[in-house]
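What follows is a single structure, written as structure tokens, with notes after it.
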Amino acid sequence: MEQRGSPRRRVEIDVDVSVGAVEPLVLRTRDVSLGGVYLHGDRLKIDPGTDVQLMFHISGERATMHGIRATLVRSNDEGYGMVFRHHNVSEFRTLQEILRVSKEATNH
């Protein structure tokens, strides 16, 4: 059985995925945790170990975008598993906001 450092929350959020200077692709999350994210899709052509920049589209009182750095750890026909490796205070707060907003959305 796979062990996770933090529980995943099922949430669907649009995410811009950027790799280097290539135009970002918009994918959608399946679930998010403080440790990582799973994205639906099959258009991202990168290998495990590749670092990416994720820009989460958060809606609420005003739409905002929050950036987090991640590394691809696995992919399959349905999508991509990514781990957040380089947390700083700003990225950690971003993840908390994503999880807070997703919890509020599921409670309404």
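The values are calculated or read from the model by the stated rules, or taken from the named source; none is laboratory data. Nothing here was measured: the structure is a model prediction, and the numbers come from that model. FYI the Cβ positions are ideal-geometry reconstructions off the backbone, even for glycines, and counts take in every protein chain you see.
Of everything in the stretch 1-59 that's of a type in the set (Asp, Glu) and part of a strand (DSSP E or B), which residue is modelled with the lowest pLDDT? Within the stretch 1-59, the match that is modelled with the lowest pLDDT is 14. State whether the residues of the stretch 15-38 include one that is more than 16 Å from residue 76 (Cα to Cα), among the basic types (Lys, Arg) and out of contact with any Lys or Arg (no Cβ under 8 Å at 6 or more places or on another chain). No, that holds for no residue.
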